[in-house]
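Only one structure is covered here, and it is reproduced in the block below.
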Amino acid sequence: MLELRRILSDDGCIYITIQDKNSLKELKTSVYYKELWLKRYVEENPFFIAAGNDFDKLVGMRGIRSQVFYDTEYFQK
């Protein structure tokens, strides 16, 4: 975030897309994602199960398949 602030001009705008708690809820409940590997991962991973909806930042996996979900208030701070 600091690097984005550094390179952004004074009158510039930046749009950031994050996965938040609502994204996680949609992933778990929507029938559209029933075959998606990420849906199975969050439903079966003990870390995601234990966290439920009570987290600031939830990180799953590393590398090119890494997934991070944020509480929006935490992210804004």
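The values are calculated or read from the model by the stated rules, or taken from the named source; none is laboratory data. None of these values were measured; they are calculated from a predicted model. Counting neighbours? That spans all protein chains shown, and the Cβs are built from the backbone with ideal geometry, glycine included. Note: accessible area is taken over every heavy atom of the protein model, side chains too, but ligands, DNA and RNA are not part of it. Shrake-Rupley method; radii C 1.70, N 1.55, O 1.52, S 1.80 Å.
Looking across the range 41-65 at every residue that is open to solvent by 60 Å² or more (accessible area, probe 1.4 Å) and hydrophobic (A, V, I, L, M, F, W, C), the one that is farthest from Thr29 (Cα to Cα) is identified as Ile64.
For the range 66-77, taking the residues that are assigned to a loop (DSSP other than H, G, I, E, B) and without any contact (Cβ under 8 Å) to a residue 24 or more places away in the chain, the one that is surrounded by the most Cβ atoms within 10 Å (Cβ to Cβ) is identified as Ser66.
Among the residues making up the range 13-46, none is small (Gly, Ala, Ser) and over 22 Å from Thr72 (Cβ atoms).
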